[in-house]
Amino acid sequence: MPCNQFPLTQRRKAWGRITILFALIALALTALPTASFAGTDTAGNVLAADNDANPSGVEGDLYWAGQALNLDNTSVDRDIIAAGDTLSIRDCTVGGAIRLAARTIDIAKTTVDGSVTVAGQHVVLNSDSTANCFYAIGETVALRGSTKSAALAGDTVTIDGTVEGDVEVWADKLVLGKNAHITGTVNAHVSEDPERAAGAEVGALKIDRTENEDTSTVNDVIGGIVAAALSTCFVALLLELVFPRATAGAAGMLHQRPTPLWVSGLLGTIAIAPAVLLLIISIAGLSLAGTLLCGVIGIALMSSAFAGCAIARMVGHSQNRYAMAAVGGIAAGALTAIPLIGDFISGVAFVFMLGYVIQIIWRNARLKPQQASNTPGLPTA
């Protein structure tokens, strides 16, 4: 489907999720321990989680995670990979690529031989910075330096620098500044006409106007709700067939001890981002980081059906368990597909399932092998 056929509300919803994602990453990073660490491995790679870490030279890659990074007058022979709340790179030379994720990203007076790939809320490739290519996504994205090609996506995208090639833009608003000099074609997928200052030089400007009005209909919304309800119902029945003890245990835990369940889920959700980042920058923990991410994705995919099934079993514990699983799955699927509140319901379901998993792991770790599991349960039909 062409880009301009997507309803505006769906595109804004996607941008909102991206912004929330990186805001949560930045928020979670503030929960990292205050103790910092930095070191260099035998390959010359520097691993750091220190706001004051500013090595003069790095022979390999620079891996960094924390709250605020101010990298100034540093030479990195290969790549920079960093995540945090605020990332500032100035007066640096990078022999490889830069890959960053943060709320605010500012790259100024820096020469990058490879590509710059960044994601955040406010992103700037500032003046006197050069890169082979610039790929960025954020709420506001600005290209004021020089690059050979670019792909930019955001609510507001500003190009006020030099691009010796083509540019792809997906935005609500595109601003071409007076210092813009683009030798190739700007393919702009925008919802309003670009602002073009006097002096802006563009080889060609192709505008693909997206519609401002919401083109979705009531039938589309209802169809989406019905499809989500049926698919979630199927998953709930499958969970009840394969993991009946888990759904019964979650129902009992929610009925008897809800506080530990929800607290574990909330704390686990906050800890996911820093845990993955710490495992990634530890190098040796890459396989563990992958395993953790796969587990999180699995929980996210099944959480709505699992939560609906468990809650339905708690409410109708004396009824047929398959009938209650179907009812719970339909209700959960329909709620998660409702505009505006669907994302919130999905988040609550994720916290619920993650909390149950954490509680089960914690409980089994404390039990002796010969002891029977004391997971709360409800009588089944």
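Values quoted throughout were computed directly from the atomic coordinates according to the rules given, and no laboratory measurement underlies them. All values derive from a computational prediction rather than experimental measurement. Backbone-built Cβ (ideal geometry, glycine too); neighbour counts: all protein chains shown.
State, to one decimal in nm, how far the label point of Thr183 lies from the label point of Val226, with both points 7 Å from Cα in the Cβ direction.
5.6
Given the Cα-Cα distance of Leu288 and Ala204 and 0.36 nm per residue of separation, how much length would full extension add, in nm?
25.5 nm
Have a look at Gly165, Ala197, Leu239 and report the one farthest towards the positive end of the charge dipole of segment 144-268, computed about the Cα centre with Cβ charges (Lys/Arg +1, Asp/Glu -1).
The residue sitting most towards the positive pole is Leu239.
Against the 2.2 N^0.38 Å scaling, with N counting residues, where does segment 219-341 land? I'd like the Cα-based Rg ratio to two decimal places.
Cα-based Rg divided by the globular estimate yields 1.22.
Roughly speaking, what is the stretch gain from Phe243 to Asn132, that is 0.36 nm per residue apart minus the C-alpha to C-alpha distance, in nm to one decimal?
Details: separation 111, 0.36 × 111 = 39.96 nm, distance 5.13 nm.
Result for the pair: 34.8 nm of gain on full extension.
At 20 °C and 1.002 mPa s, what whole-number value in µm²/s does Stokes-Einstein give for the translational diffusion of segment 135-201, with Rh from the Kirkwood sum over Cα pairs?
Answer from the Stokes-Einstein relation: 190 µm²/s.
How long is the gain from Asn73 to Ile361 if the chain were fully straight, where each residue apart is worth 0.36 nm and the alpha carbon distance is subtracted?
Gain on stretching Asn73 to Ile361: 99.0 nm.
I need the phi-derived Karplus couplings for segment 256-266: 6.51 cos²θ - 1.76 cosθ + 1.60, θ = phi - 60°, integer Hz, Gly and Pro marked x.
Couplings: 9, 9, x, 4, x, 4, 6, 5, 4, x, 5 Hz.
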